[in-house]
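Every number in this text was worked out from the coordinates using simple rules, so none of it is lab data. Everything numeric here is computed off the predicted structure, so don't read it as measured data. Quick reminder, even Gly has a Cβ in these numbers, built from the backbone with ideal geometry, and neighbours come from all protein chains shown.
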Amino acid sequence: MTTVSRTQSPRDRRSRLEASTGTWQPSTIAQALDRAVRRYADRPFVITDDRIWSYQNIQEASRQVAARLVEHGVKPRDHVGLWLANYVEFAIAKFAIARIGAVAVPINFLLRQHELSYILRQADCVALITMDRFRSRDYLTDIDAIMPGWELAGGGENFPKLHTVFVHHIGGLERLGAKPLVDPDWTPTAETLEALKTAEAGADPFFRSDVIYTSGTTGHPKGAMVTHDMVLRTGYASTFSMAREEGRRVLFALPLYHVFGYIECMIAIMFVGGAIVPRLVFDAKDMIEAAENFAVGEIACVPLMTQQMIDIVKDRGFNCPSLVAFFNSGGVNPPSIWQEIRDVFGAKELLTGYGMTETTASTCCCLPEGKDIHLQTSNGRLKDAGVAGFAEYGGKLAVYKAVNPETYEDLPNGEQGELLVRGYCVTPGYYNKPEENATAFTEDGWLRTGDVGTVDAEGYVRLLGRIKEAYRCGGEMVMPEEVENFLKTHENIQNVYVVGVPDPKMGEVGCALVVPRGNAPDADTILEFCRNRLARFKIPKYVIEVAQDKVPYTATGRARRVFLASLAKERLGL
């Protein structure tokens with residue numbers, strides 16, 4: 001199939017996409033891959049430094065891994081933890097899990113023992129796919145600590161439902177008894193192949209494909225449930241709104257465990273026979289070189305990454321004539337950044353969006369042919385979904401409104417309030433979290449986003465802040481109560497309140513206001529206490545001692561965090 005010229009207008013590209021898609025056909029994620037293989041079998045799908053994997057390569061590898069899962073007892077609708085960095089094996093495992101109608105539970109690979117334990121148990125995982133090493137960290141040591149003897153006994157007494165751990169071998173000595181994720185010497189039995197065939201035939205597009213964890217207001221992560229059809233429609237809407245041309249290559253260092261890398265990039269690009277160029281870690285120089293070396297058509301970043309890349313390109317230059325678009329989203333942007341992206345990268349089409357795990361991925365996006373004022377003053381407009389949309393939502397997958405956060409009365413267009421969302425791509429709820437589900441939704445079915453913003457008459461959404469108490473450290477969401485609950489297990493901490501404070505490098509970092517029991521621990525003590533038990537981005541950078549009677553509370557017994565944040569900034573001289 002001939003690749004569409006990048007000089008075609010976004011409107012023409014959308015028309016071609018609609019014509020090639022035809023009527024929407026609900027399918028599983030694996031069935032969508034199989035459909036893409038019928039059209040794009042030999043085209044690149046996943047591009048790494050070592051190899052270019054075609055659509056057919058990924059399909060064949062996913063069938064082999066799916067058979068391996070089946071032979072080791074993974075059944076349709078079972079939950080499988082996926083604790084991997086951006087290796088091609090993540091994509092292979094993702095499609096393999098979907099192929100047998102099981103449910104993927106992608107896990108942030110920055111998490112440590114305490115957090116991993118909670119998710120594996122709360123999600124009812126029957127198997128875990130992980131890596132033995134990543135950079136300098138030994139991941140099997142963490143697994144040893146929470147489930148001793150996992151090589152033969154699986155989760156053992158600690159995780160009775162988890163029967164198998166599969167290991168993607170990165171380097172060093174292989175663990176005796178560990179089951180490799182990919183084993184070139186292994187051949188599935190006829191019985192296994194028949195069981196896989198049966199599982200594939202029975203996989204349901206409307207059953208959940210993923211339980212994707214996001215931080216919870218109760219201090220524990222929450223697993224948002226999404227279905228195969230929700231994921232595919234949302235991915236299609238992204239490619240439709242962005243008007244991606246056939247064969248577009250998308251470069252990113254965004255983690256595939258997150259909906260940005262997973263759905264906005266990997267799933268979305270299948271609809272135009274494009275490819276992803278995932279990087280294992282973000283390094284600005286590496287990203288620039290990869291864009292040039294692999295002739296990418298789009299770079300996807302969060303603002304912190306974008307700014308670092310801009311600083312380097314200003315000095316070294318940039319030679320990537322294939323680049324069409326720059327997708328810069330997921331944080332606060334200075335208005336000047338858009339012109340800088342044009343000037344230093346030469347990208348003609350600039351994109352930003354807004355969404356959350358609970359809405360499957362982004363629900364808003366600035367159009368590539370849109371006006372700069374929308375980039376500078378909004379987080380995008382409600383995404384048109386083309387043939388994947390619904391008439392009841394005006395051809396979209398979701399709609400927003402702003403309400404008075406106290407009375408929940410609807411507010412006029414353009415007026416500031418709490419943003420509520422409803423629609424097909426909104427999660428039906430959090431896995432096994434009835435109390436959180438009861439408070440997350442209004443009585444008439446709108447999801448409370450916890451964001452403050454506006455919605456104008458054209459459907460452009462503008463974020464103004466957070467009602468919730470979360471903060472972002474280096475782009476990663478941190479929920480204070482989760483960190484507080486852990487810190488309270490320290491023998492010298494009677495009570496603790498964690499707030500986000502400004503930081504020039506990370507955007508925000510944590511500050512723990514500690515009510516001590518005995519000698520108050522300092523920042524170094526806190527760091528050591530949390531090491532290997534909490535992800536680094538969750539560990540507070542600062543520690544301040546406070547007296548309990550100086551902490552103000554609301555009438556409902558909640559600490560006034562706005563006051564505490566102001567106190568922290570004042571005490572720290574920020």
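Which ³J(HN,Hα) values, rounded to whole Hz and listed in residue order, are derived for segment 386-401 from phi using the Karplus coefficients 6.51, -1.76 and 1.60 in 6.51 cos²θ - 1.76 cosθ + 1.60 with θ = phi - 60°, glycine and proline given as x?
Computed from phi, the couplings for segment 386-401 are x, 5, 8, x, 10, 4, 5, 10, x, x, 10, 9, 7, 9, 10, 8 Hz.
Under the Kirkwood approximation for Rh and a Cα-based Rg, what ratio Rg/Rh is obtained for segment 1-144? Please list the in-between numbers first.
Details: Rg = 18.2 Å, Rh = 17.3 Å.
My calculation puts Rg/Rh at 1.05.
Give me P(r) over segment 471-572, computed from all C-alpha to C-alpha distances, binned every 10 Å, as integer percentages.
Result, from short to long distances: 16, 52, 29, 3 percent.
Hydropathy first: keep DSSP H helices in the chain averaging at least -0.5 on Kyte-Doolittle, then drop any whose Cα extent along the axis falls short of 15 Å, and list what survives.
On the way: long enough: 10-21 (16 Å, -1.94); 29-40 (16 Å, -0.33); 55-71 (24 Å, -0.59); 88-99 (17 Å, 1.18); 190-202 (18 Å, -0.11); 228-242 (21 Å, 0.03); 303-316 (20 Å, -0.28); 561-572 (16 Å, 0.40).
Membrane-span-like by this criterion, though nothing is claimed about a membrane: 29-40, 88-99, 190-202, 228-242, 303-316, 561-572.
Quick query: amide H of Asp210 versus all other amide H atoms, modeled in the peptide plane; which residues come in under 5 Å with a sequence gap of 5 or more or a different chain?
The answer is Ala104, Val226.
List Thr141, Thr214, Thr7 from most exposed to least, where exposure is judged by having the fewest other Cβ atoms within 10 Å.
Thr7, Thr141, Thr214
Tally Lys/Arg at +1 and Asp/Glu at -1 over every other residue whose Cβ is under 13 Å from the Cβ of Ser238; what's the total?
Details: positive: Arg14, Arg233, Arg244, Arg248, Lys383, Lys396; negative: Glu264, Glu298, Asp384.
Net charge around Ser238: +3.
How would you rank Ser136, Ser62, going from fewest to most other Cβ atoms within 10 Å of each one's own Cβ?
Exposure proxy ranking, most exposed first: Ser136, Ser62.
According to the Cα gyration tensor, what semi-axes, each the square root of 5 times an eigenvalue, does the equivalent ellipsoid of segment 149-245 have, listed from largest to smallest in whole Å?
With the √(5λ) rule applied to segment 149-245, the semi-axes are 31, 23, 17 Å.
Which of the aspartates and glutamates could a cross-linker bridge to Lys222, judged by Cα under 17 Å and excluding same-chain residues fewer than eight apart?
Glu115, Asp124, Asp210, Glu358, Glu435, Glu436, Glu469, Glu476, Glu481, Glu482, Glu484
Given q = 0.11 Å⁻¹, what are the Debye log10 I(q)/I(0) values for segment 258-396, with equal point scatterers placed on the Cα positions and solvent ignored?
These q points yield log10 I(q)/I(0) values of -0.40.
For Leu152 and Glu191, what is the calculated FRET efficiency with R₀ set at 25 Å and r taken between the beta-carbons, to the nearest 0.05? It would help to have the intermediate numbers written out before the result.
On the way: r = 23 Å, r/R0 = 0.92.
So the FRET efficiency works out to roughly 0.65.
What nm distance separates the two modelled labels at Thr7 and Lys75, each placed 7 Å from Cα along Cα→Cβ?
The answer from the label model is 5.9 nm.
Greater than 21 Å separation of Cα atoms is the criterion. Which listed pairs, Lys433/Lys488; Lys94/Lys197; Lys348/Lys505; Lys488/Lys538; Lys314/Lys505, meet it?
Listed pairs above 21 Å: Lys433/Lys488; Lys348/Lys505.
Over all distinct alpha-carbon pairs, what is the Kirkwood Rh of the chain in angstrom?
Hydrodynamic radius (Kirkwood, Cα only) of the chain equals 24.7 Å.
Please work out how much length the chain gains when fully extended from Arg316 to Leu574, using 0.36 nm per residue of separation minus the C-alpha to C-alpha distance, in nm with one decimal.
Residue separation times 0.36 nm, minus the Cα-Cα distance, leaves 89.5 nm.
Nearest-5 percent of antiparallel DSSP beta bridges in the chain?
In the chain, DSSP labels about 60 percent of beta bridges as antiparallel.
List the residues, sorted by chain then number, that are 5 or more residues from Met131 or on another chain and whose placed amide H is less than 5 Å from its amide H.
His168
So how much slack lies between Asp549 and Ile373, counting 0.36 nm per residue of separation and subtracting their Cα-Cα distance, in nm? Working shown, then result.
Details: separation 176, 0.36 × 176 = 63.36 nm, distance 4.82 nm.
Fully extending the segment from Asp549 to Ile373 adds 58.5 nm.
Cross-link candidates for Lys550: which lysines have Cα within less than 18 Å, leaving aside residues fewer than 8 places away along the same chain?
Leaving aside lysines fewer than 8 places away in the same chain, those within reach of Lys550 are Lys569.
Once you put a point 7 Å from the Cα of Asn293 and another 7 Å from the Cα of Ala201, both along the Cβ direction, what distance in nm separates them?
Going from the Asn293 label point to the Ala201 one covers 4.6 nm.
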